[in-house]
Structure formats: C-alpha cells, structure tokens
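Scroll down for the structure; my scribbles are underneath it.
The values are calculated or read from the model by the stated rules, or taken from the named source; none is laboratory data. In this text, all values refer to a predicted model and were calculated from it rather than measured experimentally. Neighbour counts are summed over all protein chains in view; Cβ atoms, including those assigned to glycine, are modelled from backbone coordinates with ideal geometry. Note: accessible area is taken over every heavy atom of the protein model, side chains too, but ligands, DNA and RNA are not part of it. Shrake-Rupley method; radii C 1.70, N 1.55, O 1.52, S 1.80 Å.
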Amino acid sequence: MKAILVIMLMMTSILVGCTTFDNSEGEREEILDELDPTRNTPEPTDDELSSKLGYVRYTKDQLNNETENSEQQLTIDRNEMADMITKIILRNDGFEEVATLVTDKEVLIAYQRNEDLSAEEAANVSKKTAVSIMPGYFNIHVSDNETLMQDIQSLHRSTSENRNYDNTINAIIKEMEKTPNIDAVE
C-alpha cells in the first residue's frame with residue numbers, strides 16, 4: 001500500500017513538473033494578442049458578418065514584427081463567386097437560366113435570355129455583374145449561346161491544380177466570342 005502511495009505521489013509530482021514551462025511563449029502570445037485589432041471584438045454571427053464594416057489598423061513596427069507566414073495568399077471561394085454572379089444576373093428581368101464558371105483567371109458566363117432583353121443588353125448586364133464582383137485580373141467572357149451552358153457544366157468538377165481543361169476553356173471562349181460580348185467595363 002505504501003509503495004502505491006509513493007508511486008502515485010511521484011507520478012503527481014512528475015505531471016506537475018511537466019506543466020511548468022518557460023513562460024516566454026505565453027508572453028509572446030499576449031503581445032501578439034495586444035497587436036490584434038480585433039482582439040476585443042466578439043465573434044460575429046452570420047447575419048452580422050454581411051452588415052459589418054471591415055476595419056484594421058497597424059503601425060509599421062507591428063507589421064514588421066508580425067510572426068505570421070509572410071507568404072500567405074489571398075484565396076477566393078470560386079464556387080461562392082460563381083453562385084453570387086449567377087444569382088445576381090438572374091435577378092434581372094430577361095434572364096431565364098445562367099451558368100457561371102470561375103477558374104483561377106477566367107469567368108465564363110452563358111445564359112438563356114428571353115426576347116424582351118436584347119443580346120447586347122444581356123451581355124452588358126452579365127459582364128458588368130461579374131466585373132463588379134471579381135478582382136480586376138479576371139478575364140470575363142459572356143454569351144447567350146445556350147449550348148455553352150452544358151460545356152461550362154462539364155468543367156464544374158475540375159480543379160485549378162489540374163490544367164487538363166485548358167483546351168476546353170479556350171474552345172468555350174472562342175465560341176463565346178462569336179456572340180455579342182460587350183466590353184462593358186474594362
């Protein structure tokens with residue numbers, strides 16, 4: 001019984017000894033937390049995210065002392081962007097169906113329009129919608145050729161790492177250029 005008590009006492013002291021560590025890591029985390037402009041902001045709900053303004057403020061020293069990976073890249077949820085573009089275009093009168101594909105550098109939009117909307121106006125609305133949502137380095141192509149919707153859909157499972165679809169994209173763009181493709185905003 002004494003042996004078990006001694007072993008338990010030794011195990012407890014070992015565990016307690018392991019939990020005491022150099023506090024410099026904790027101090028470093030505290031400093032980084034102080035530099036974070038959003039540290040006192042509670043986590044917003046989904047509804048608050050869409051209405052909240054974006055704000056950050058740093059000094060040059062804070063930026064130079066930042067320990068985060070300096071090679072971070074901006075990422076875009078391409079599916080979300082395609083969804084947003086498509087829904088906004090469909091909210092305009094004259095559009096019946098819209099297919100949108102967003103790659104790493106191209107936006108392809110094919111749509112079905114009714115007779116109430118001219119080909120030029122449909123192209124203009126489609127292109128302006130995509131331009132207003134996407135970063136400026138994206139090339140935007142639009143077409144009222146309804147058969148291209150199937151071609152665009154055939155690429156929906158492709159990834160930007162696998163460039164096997166480049167020939168298909170180029171063929172779709174070539175077909176899109178045959179229809180009204182207004183240079184709405186450049």
Which of the residues belonging to the stretch 149-168 are within 20 Å of GLU97 (Cα to Cα) and assigned to a helix (DSSP H, G or I)?
MET149, GLN150, ASP151, ILE152, GLN153
For the stretch 100-117, the count of residues that are within 17 Å of ASP166 (Cα to Cα), free of Cβ contacts under 8 Å to residues at least 60 places away in the same chain and surrounded by fewer than 23 Cβ atoms within 10 Å (Cβ to Cβ) equals 2
Taking ILE76, is it modelled with pLDDT of 95 or more and either under 24 Å from GLY136 (Cβ atoms) or β-branched (Val, Ile, Thr) (or both)?
no
Inspect the stretch 104-112 for any residue being in a helix (DSSP H, G or I) and of a type in the set (D, E, K, R) and give the result as yes or no.
no
Of the residues GLU97, GLU146, GLU120, only one is out of contact with any helix residue (DSSP H, G or I) (no Cβ under 6 Å at 6 or more places or on another chain), touching a residue at least 40 places away in the same chain (Cβ under 8 Å), in a loop (DSSP other than H, G, I, E, B) and not aliphatic (A, V, I, L, M); which?
GLU146
Hey, does the stretch 142-149 have a residue that's touching a Gly at 6+ places or on another chain (Cβ under 8 Å), closer than 19 Å to LYS87 by Cβ and modelled with pLDDT under 95?
no
Residues of the stretch 169-186 classified as of a type in the set (Asp, Glu), part of a loop (DSSP other than H, G, I, E, B) and either modelled with pLDDT of 85 or more or within 21 Å of ASN114 (Cα to Cα) (or both), total:
1
Counting just the residues of the stretch 123-143 that are outside any helix (DSSP H, G or I) and in contact with a strand residue (DSSP E or B) (Cβ under 8 Å, 6 or more places away or on another chain), which one comes out most open to solvent (accessible area, probe 1.4 Å)?
ASN139
Among residues of the stretch 144-178, those that are crowded, with 16+ Cβ neighbours inside 10 Å and in contact with a His (Cβ under 9 Å, 6 or more places away or on another chain), counted
3
